[in-house]
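J.: Have a look at this one before I ask anything.
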Amino acid sequence: MEISPGPRAGRKEWTALGVLMLPLLLVSMDVSVLYFAIPYISQDLEPSATQQLWILDMYGFVLAGLLIVMGALGDRIGRRTLVLAGAAVFGAASVAAAYAHSAEVLIGVRALLGLGGAALMPSTLALIRNLFHDAKQRAKAVTLWTGVMTTGISLGPVVSGLLLEHFWWGSVFLINLPAMVLLLVLVPFLVPETATTARGRFDLLSAALSLGALLAVIYGIKEWARHGYEPLPALCVAAGLLLGVVFVRRQRRLDHPMIDLGLVGRRAFGGPVLANLLAMFATVGMAVFFTQYLQSVLGQSPLTAALWSLVPAAGVALMAPTGAALAQRTDRAYVMGGGFAVAACGFLWLSQLRTDSALWFALVGGAVYAGGLVAAMTLANELALGAAPPERAGSAAAVLESGQELGGALGMAILGSIGAAVYSRDMADALPAGMPHADAVRETLGGAAAVAAGLPDAAADAVLSAARDAFVHGLGIAAVGAAVVMAGAGALSVGLLRGLGGRTPSAPPPSPAPSPSAPPSVPPAPPAPSSSADSLPAAPAR
């Protein structure tokens, strides 16, 4: 099939992108918006310790588990339709959450919020494929999408802290309403509906297998990170992996699978998915250490720490457009590798943190690693989205985001476990024999602070000093681990993607026929995607 050059986007398309970015910002904010609100919720609804954990985690679990399902559904019923349905569910669930009268109700509506978020997130990325046919414009749009998604997670605690100073805890949910109303009003006029070209009926069994596999793996990893090795989390991970194997085998047998395994196996798509997974591994794994360092080591209030944690966004604002500009002049694989190398340098910088380090030292390290990671992730998203045929853009976007969720869970588990192990070992050596509540002191820095509050001043100072030193030591070792992973991700990006991501063309090529000097494309697997997807990562829409 001949590929014709696509038109350049105008004011209407860019306005549509702006409208789509607002719900994306709120959906990503909802991952972290309850961090400061949970004490107020606990005071009002009196949840048990288990219910409190489910209030925090239910949204992320359902969101991660349903991304692939919703991506495939959007390819069949139309992505604009799914965005509108997701906005309606997200808005209604936000109202229900704000006025929840019991912990059980709040847990249930947090699950509905996850359902609405899962409908919105892959659809917004997939719609970029249809709004922006020019490769250079699409690169800018994907850069904005990635920046908004990562910024939302950082903004969540800040917005929560500001609202809770003036309103009750339900206000952190009600801020979603204006954006969802705006989305429902403007999207029908600004965003064209996508053709529902994905063939075959929606496979409910595949949807159940996908949901079960992702929920079980991510739940098991998070519980493992939170409590250390226990039989139940390990069994959950094993069960999830088994369901994943069954899911993949079923996709291979179906004529119209939910995930195009041929596309996932191609370097131009599978490589960026893996790169994004590793990027989120480091991002989420270190975020926990960074916020605890600001609060528990430097002694800042939660709101002050949240505001300072936004400073590294300056690195993102600088590096993301720089990476996009470099990608127009050289192979994107080298630019992605450079982004991961910059991130590795940022993590190595953070490995030198001490308890008496100046605040600027931590912020510089955070800005460097955040900038490098977002630059690499932006190009990975663009490369993968361009490699996917337009009719499978929703499924492709969902696979990308599911990889990110899994990477974040792995980072929290592995880097968190490394830091916890170093902390526990150092505290076991530092504590005197017969120390009261020694188990709590050895477990976490927060536990040490709670125990120290009941000790005489001299003993409390000694415990807190030792705990802070141990925590910073654990942070440094985890940062070295993140740097090693980033160095590996950079080498992997260059090795896997070199030759597939040439310079971003300012306009689609005049002919679909490859030039003699162009890198050879990998033969696509059925259902046949665009044959140029591997030779040009941002292929023009058909």
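Values quoted throughout were computed directly from the atomic coordinates according to the rules given, and no laboratory measurement underlies them. Since we're looking at a predicted model, the values are computed, not measured. As a convention, Cβ positions derive from the backbone with ideal geometry for all residues, glycine included, and neighbour counts pool all protein chains shown.
J.: Over what distance in Å are the Cα centres of segment 211-252 and segment 60-108 separated?
T.: 22 Å
J.: Is segment 204-253 best put as rounded, prolate or oblate by its Cα gyration tensor, with a ≥ b ≥ c the root eigenvalues, rounded for a/c under 1.5, and otherwise prolate when a/b is larger than b/c, oblate when not?
T.: It is prolate, given that a/c is not under 1.5 and a/b is the larger ratio.
J.: On a straight-distance basis, which lysines could pair with K12 in a cross-link, Cα separation under 30 angstrom, same-chain partners fewer than 8 positions away excluded?
T.: K136, K140
J.: So if I take the alpha carbon set of segment 219-346, get Rg, then get Rh from the Kirkwood formula, what is the Rg over Rh ratio?
T.: That ratio equals 1.07.
J.: While we're on this one: What order do you get for E46, E13, E104 when you list them from fewest to most C-beta neighbours inside 10 Å?
T.: E46, E104, E13
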